[in-house]
1. Counting only residues that are among the acidic types (D, E) and open to solvent by less than 80 Å² (accessible area, probe 1.4 Å), which one in the range 1-21 is modelled with the lowest pLDDT?
2. If you scan the range 47-61, which residues turn out to be more than 18 Å from L26 (Cα to Cα), buried (at least 17 other Cβ atoms within 10 Å of the Cβ) and in contact with a Lys or Arg (Cβ under 9 Å, 6 or more places away or on another chain)?
3. For the subset of the range 70-87 comprising residues that are in a loop (DSSP other than H, G, I, E, B), polar (S, T, N, Q) and open to solvent by less than 90 Å² (accessible area, probe 1.4 Å), which member is nearest to V25 (Cα to Cα)?
4. Just checking, does the range 22-42 include any residue being over 9 Å from the mean Cα position of the chain (by Cα), among the small types (G, A, S), at pLDDT 95 or above and crowded, with 17+ Cβ neighbours inside 10 Å?
5. Output yes when any residue across the range 27-36 is assigned to a helix (DSSP H, G or I) and touching a residue at least 12 places away in the same chain (Cβ under 8 Å), and no when none is.
6. Could you tell me which numbered condition L67 fails, if it satisfies all but one of (1) without any contact (Cβ under 8 Å) to a residue 40 or more places away in the chain; (2) open to solvent by 20 Å² or more (accessible area, probe 1.4 Å); (3) within 9 Å of the chain's Cα centre (by Cα)?
Amino acid sequence: MTDESIPTISDEAAQTTVLEAFRHVLGIAEVDPQAPFGALGGDSLRAVRVLSRVWRELGVELPVHALRDTTTAAEFAAVVRERSGTP
């Protein structure tokens, strides 16, 4: 069963939103999509802020463990994309 309230999101939209969230929350100008979140300065509090921003902007709610310190922006964008359009 599909939840109609969660839109399907393109790869580009997921990637753009995740990179912007990383930049904003971490306070850095550029994000290497292959760099781990923790190596960019991410921690558990910043992860919650990134997750909140993705939820607000894309309507995709994810558990806290979806973004670990070893997760890259590219990996996280793929998770966001896969989760979109599903309950």
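The values are calculated or read from the model by the stated rules, or taken from the named source; none is laboratory data. Predicted model, so just to flag it, every value in this text is computed and none were measured. Note that each Cβ is placed from the backbone with ideal geometry, even for glycine, and that neighbours are counted across all protein chains shown. Please note that ligands, DNA and RNA were not included when accessible areas were found on the heavy atoms of the full protein model with its side chains. Shrake-Rupley method; radii C 1.70, N 1.55, O 1.52, S 1.80 Å.
1. As a first pass, look at the range 1-21 and keep what is among the acidic types (D, E): 3-4, 11-12, 20.
Narrowing the set further to residues that are open to solvent by less than 80 Å² (accessible area, probe 1.4 Å) leaves 3, 20.
Details: D3: 49, E20: 97.
Among those that are among the acidic types (D, E) and open to solvent by less than 80 Å² (accessible area, probe 1.4 Å), it is D3.
2. From the range 47-61, those more than 18 Å from L26 (Cα to Cα) are 58-61; that's our starting set.
Remaining after also requiring buried (at least 17 other Cβ atoms within 10 Å of the Cβ): 58, 60.
If the condition is that a residue be more than 18 Å from L26 (Cα to Cα), buried (at least 17 other Cβ atoms within 10 Å of the Cβ) and in contact with a Lys or Arg (Cβ under 9 Å, 6 or more places away or on another chain), then V60 is the only one that fits.
3. Keep residues of the range 70-87 that are in a loop (DSSP other than H, G, I, E, B), which gives 70-71, 84-87.
Filter again for polar (S, T, N, Q), leaving 70-71, 84, 86.
Narrowing the set further to residues that are open to solvent by less than 90 Å² (accessible area, probe 1.4 Å) leaves 71, 84, 86.
Values: T71: 15, S84: 22, T86: 26 Å.
Among those that are in a loop (DSSP other than H, G, I, E, B), polar (S, T, N, Q) and open to solvent by less than 90 Å² (accessible area, probe 1.4 Å), it is T71.
4. At the first step, the residues of the range 22-42 found to be over 9 Å from the mean Cα position of the chain (by Cα) are 23-42.
Restricting the remaining residues to those that are among the small types (G, A, S) gives 27, 29, 35, 38-39, 41-42.
Still in the list and also at pLDDT 95 or above: 27, 29, 35, 38-39, 41-42.
Filter once more, keeping what is crowded, with 17+ Cβ neighbours inside 10 Å: 42.
For the range 22-42, residues over 9 Å from the mean Cα position of the chain (by Cα), among the small types (G, A, S), at pLDDT 95 or above and crowded, with 17+ Cβ neighbours inside 10 Å: present.
5. Here is the first cut: in the range 27-36, the ones assigned to a helix (DSSP H, G or I) are none.
For the range 27-36, residues assigned to a helix (DSSP H, G or I) and touching a residue at least 12 places away in the same chain (Cβ under 8 Å): absent.
6. (2)
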